[in-house]
Amino acid sequence: MFLIFLERFCFLMACRSFPFLQVVGSMRGSSGINAEYGGITKKKKKKKDSVDWFVCGYLYILIKMPRGPRKHLKRLNAPRNWMLDKLSGKWAPRPRTGPHKLRESIPLLILLRNRLKYALTAREVIQILHQRLIKVDGKVRTDQKYPAGFMDVVSIEKTNEYFRLMYDVKGRFAIKPISQTEADYKLARVRKIWKGKNGVIFAALSDSRVVRYPDPLIKPHDTVKYNLKEGKITSFVPFEAGNLSMIIGGRNLGRIGVIVKRERHLGGFDIVHVKDAIGHTFATRLQNVFVIGKGTKPLVSLPLGHGIRKTILEELSIRHKRLGNKGPNPAEVSV
């Protein structure tokens with residue numbers, strides 16, 4: 001009842017705050033309009049004085065409309081690569097605005113509680129973060145909703161554990177344990193290079209970093225090796241045929257292969273053809289390809305499976321071997 005009263009009150013206040021709308025509405029509704037039909041002049045029936053309901057309704061909607069960005073995320077609308085179940089609650093932690101997009105990142109709360117199993121509840125995650133024990137790319141993060149994304153390095157120095165966020169062939173976040181030496185750097189893709197004020201050259205990276213005075217040979221779509229301690233680019237790998245790459249978007253998300261060729265389409269999307277380690281060839285858009293190594297040698301440790309997508313029968317056979325059962329042979333099963 002209180003909400004109904006509040007809505008009606010807001011509507012009346014909107015009409016009362018803009019008296020000129022009532023004048024406009026009365027002019028539209030009460031003025032007589034003459035029309036001639038075969039020499040006979042008729043006058044339409046006079047309408048009652050009324051308010052322009054369309055404009056007032058629009059103002060009423062504006063008054064009720066929430067302001068600012070959204071702060072909530074329902075569990076069913078959360079990204080699939082978070083792997084959240086449906087029945088554990090109604091809401092999910094919405095990542096803060098940060099270096100990665102919402103659907104291309106995972107909040108630290110989900111990472112520590114659901115994936116790494118360091119906590120049972122969100123309150124325990126907050127207590128861990130407030131002790132300043134978690135670092136992302138070498139910086140302490142205390143916000144449980146901080147978005148960690150592809151190629152980010154999560155460090156837990158108290159337990160001497162280091163992880164790198166990557167993708168598996170099913171499109172989920174793969175948390176790859178790495179050594180302390182490998183945790184000192186990360187790979188980033190060059191999004192744009194431009195000349196700023198006073199002729200300073202800038203390079204925008206995929207993790208929202210902006211680097212001044214990059215190597216003149218670095219071009220967009222190349223991959224740079226960024227040292228997290230020094231804050232500098234130490235080396236780079238050009239985007240060209242023959243280099244190892246990982247797919248970071250589309251239906252082939254998580255697959256790893258060597259770039260075969262690049263098709264240029266004027267006015268459309270450039271298409272890149274990739275060949276994986278077992279000879280399967282697939283194609284995807286240019287913006288989905290992330291170079292991770294020179295030739296066939298990767299610069300970072302690869303997740304389990306090395307980015308090779310298996311068929312359903314091959315996965316079933318591997319599962320049976322792991323359990324000690326003799327499963328079906330994919331070569332003998334006819335589809």
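Side notes on the structure shown:
- Looking across segment 266-285, the residues that are farther than 18 Å from Gly305 by Cα, open to solvent by 80 Å² or more (accessible area, probe 1.4 Å) and not aliphatic (A, V, I, L, M) come down to Gly267, Phe269, Arg285.
- In the set (1) open to solvent by 70 Å² or more (accessible area, probe 1.4 Å); (2) within 16 Å of the chain's Cα centre (by Cα), Leu120 fails one condition alone, (2).
- Residue identified as of a type in the set (Gly, Ala, Ser) and open to solvent by 50 Å² or more (accessible area, probe 1.4 Å) among Ala241, Ala204: Ala241
- For beta carbons closer than 7 Å, sequence separation of 6+ or different chains, a first residue in segment 238-252 that is under 19 Å from Gly295 (Cα atoms) and a second that is of a type in the set (Asp, Glu), the qualifying pairs are Pro238/Asp222; Phe239/Asp222.
- Candidates Asn198, Asn160 - the one that is more than 18 Å from the chain's Cα centre (by Cα), polar (S, T, N, Q) and modelled with pLDDT under 95: Asn198
Results for (1) free of Cβ contacts under 8 Å to residues at least 12 places away in the same chain; (2) open to solvent by less than 80 Å² (accessible area, probe 1.4 Å); (3) not basic (Lys, Arg), shown as yes or no for each residue.
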{"residue": "Glu157", "(1), (2), (3)": "no, no, yes"}
{"residue": "Glu161", "(1), (2), (3)": "no, yes, yes"}
{"residue": "Tyr167", "(1), (2), (3)": "no, yes, yes"}
{"residue": "Phe173", "(1), (2), (3)": "no, yes, yes"}
{"residue": "Tyr185", "(1), (2), (3)": "no, yes, yes"}
{"residue": "Val190", "(1), (2), (3)": "no, yes, yes"}
{"residue": "Trp194", "(1), (2), (3)": "yes, no, yes"}
{"residue": "Asn198", "(1), (2), (3)": "yes, no, yes"}
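- Scanning segment 282-321 for residues that are among the polar types (S, T, N, Q) and assigned to a helix (DSSP H, G or I) turns up Gln287, Asn288, Ser317.
- Residue match in segment 104-111 (condition: open to solvent by 30 Å² or more (accessible area, probe 1.4 Å) and assigned to a loop (DSSP other than H, G, I, E, B)): no
- Boolean, Val291 is under 14 Å from Arg189 (Cβ atoms), free of Cβ contacts under 8 Å to residues at least 40 places away in the same chain, surrounded by 21 or more Cβ atoms within 10 Å (Cβ to Cβ) and not charged (D, E, K, R): no
- Extreme residue, farthest from Ala204 (Cα to Cα), among residues of segment 82-111 that are of a type in the set (A, V, I, L, M, F, W, C) and free of Cβ contacts under 8 Å to residues at least 24 places away in the same chain: Leu87
- Within segment 294-317, the set of residues being surrounded by 12 or more Cβ atoms within 10 Å (Cβ to Cβ) and aliphatic (A, V, I, L, M) comprises Leu299, Val300, Leu302, Ile308, Leu313, Leu316.
The values are calculated or read from the model by the stated rules, or taken from the named source; none is laboratory data. Since we're looking at a predicted model, the values are computed, not measured. Counting neighbours? That spans all protein chains shown, and the Cβs are built from the backbone with ideal geometry, glycine included. We work out accessible area using only protein heavy atoms, side chains counted, and drop any ligands, DNA or RNA first. Shrake-Rupley method; radii C 1.70, N 1.55, O 1.52, S 1.80 Å.
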